[in-house]
Amino acid sequence: MSRRKEETRLGLVRRARRMNRALEAAFPHVYCELDFTTPLELSVATILSAQCTDVRVNQVTPALFARYPDARAYAEADRTELEEMIRSTGFYRNKANSIIGLGQALVSRFGGEVPANLKDLVSLPGFGRKTANVVLGNAFGVPGITVDTHFGRLVRRWDWTRETDPVKVEHAVGALFEKRDWTDLSHRIIFHGRRVCHARKPACGVCVLAKDCPSYGEGPTDKGAAAALVKGPETEHLLALAGVEQSGAAQ
């Protein structure tokens, strides 16, 4: 894009951080949308979330966590029973393999506990850098950038990077921000992608990032039309920031 050619490195850093501040105002309370109480629970939930909605995973995990309370329980799980419990999340055979393998690896190599460092986490069945960063950031408070579909799509739309490889995206975006901001930044971008900046029809007319977004106009710029596209529990707050009174906008 033309903005990319004109923009200096310093200009990009300043714009990206300005956009993050706007997202912080839009989403002041961000969090992992997978329900969990322990690092192991989050690890399993994140494995289940592959090509599945967080809502669906959260419907499955209460019974799953009660049935398998620790790593050894997963390691010794009856495969048929486990597969049936997670069937509705899709790809349940592969996910069962990963979860049983995870339990076995934790028992044999880490005393049944989920390790709190990237190197060990990515060595576990079912773990890549995305899953590892989710667990590090949300279960251990270790800053990490989670490059999921929404994150990659938005940072390219915003011209923060042109990279498509998730690891390269992680490093490129991480270099724009202080490390302490990485986890919440990831949440804000994912929230924004789910609620406002949709893949096919972003709600440009009510977006808090409009002034700094090089892709402004890919979706409707009319406030009324854009307001109808906003989703999620923050809808009223997001529309208020845009100066729109809520009347029939999507919840």
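Here is how the numbers come out for the structure above:
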{"item": "Count of residues meeting criterion [among the small types (Gly, Ala, Ser), assigned to a helix (DSSP H, G or I) and open to solvent by 40 Å² or more (accessible area, probe 1.4 Å)] in segment 197-214", "result": "0"}
{"item": "From Gly224, Gly137, Gly217, Gly248, residue being part of a loop (DSSP other than H, G, I, E, B) and modelled with pLDDT of 95 or more", "result": "Gly217"}
{"item": "Glu6 open to solvent by 30 Å² or more (accessible area, probe 1.4 Å) and touching a helix residue (DSSP H, G or I) at 6+ places or on another chain (Cβ under 7 Å)", "result": "no"}
{"item": "Scan of segment 26-62 for residues that are open to solvent by less than 60 Å² (accessible area, probe 1.4 Å) and among the aliphatic types (A, V, I, L, M), ordered by number", "result": "Ala26, Val30, Leu34, Leu40, Leu42, Val44, Ala45, Ile47, Leu48, Ala50, Val57, Val60"}
{"item": "Elements of type helices (runs of 4 or more DSSP H) contained in segment 30-88, each with 2 or more residues being within 22 Å of Leu136 (Cα to Cα) and touching a residue at least 24 places away in the same chain (Cβ under 8 Å)", "result": "39-48, 54-67, 71-75"}
{"item": "Filter pass, Ile100 being in contact with an Asp or Glu (Cβ under 9 Å, 6 or more places away or on another chain) and not in a helix (DSSP H, G or I)", "result": "no"}
{"item": "Candidate set: segment 157-196, residues that are in contact (Cβ under 8 Å) with a residue 12 or more places away in the chain, open to solvent by 10 Å² or more (accessible area, probe 1.4 Å) and not in a helix (DSSP H, G or I); chosen: the one nearest to Leu10 (Cα to Cα)", "result": "Phe177"}
{"item": "Residue check, Thr131 modelled with pLDDT of 95 or more and hydroxyl-bearing (Ser, Thr, Tyr)", "result": "yes"}
{"item": "Filter result for Lys231 (assigned to a loop (DSSP other than H, G, I, E, B), basic (Lys, Arg) and either touching a Lys or Arg at 6+ places or on another chain (Cβ under 6 Å) or not assigned by the TED database to the domain that holds Arg18 (or both))", "result": "yes"}
{"item": "Residue in segment 113-124 that is among the basic types (Lys, Arg), open to solvent by 20 Å² or more (accessible area, probe 1.4 Å) and under 19 Å from Asp148 (Cα atoms) present", "result": "no"}
{"item": "Flag if Thr131 is of a type in the set (S, T, N, Q), open to solvent by less than 60 Å² (accessible area, probe 1.4 Å) and outside the structural domain of Ser43 (by the TED database)", "result": "no"}
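The values are calculated or read from the model by the stated rules, or taken from the named source; none is laboratory data. Source: prediction; values computed, not measured. Positions of Cβ are generated from backbone atoms using ideal geometry, with glycine treated the same way; all protein chains shown enter the neighbour counts. Heads up: the accessible areas ignore ligands, DNA and RNA and are worked out on the full protein's heavy atoms, side chains in. Shrake-Rupley method; radii C 1.70, N 1.55, O 1.52, S 1.80 Å.
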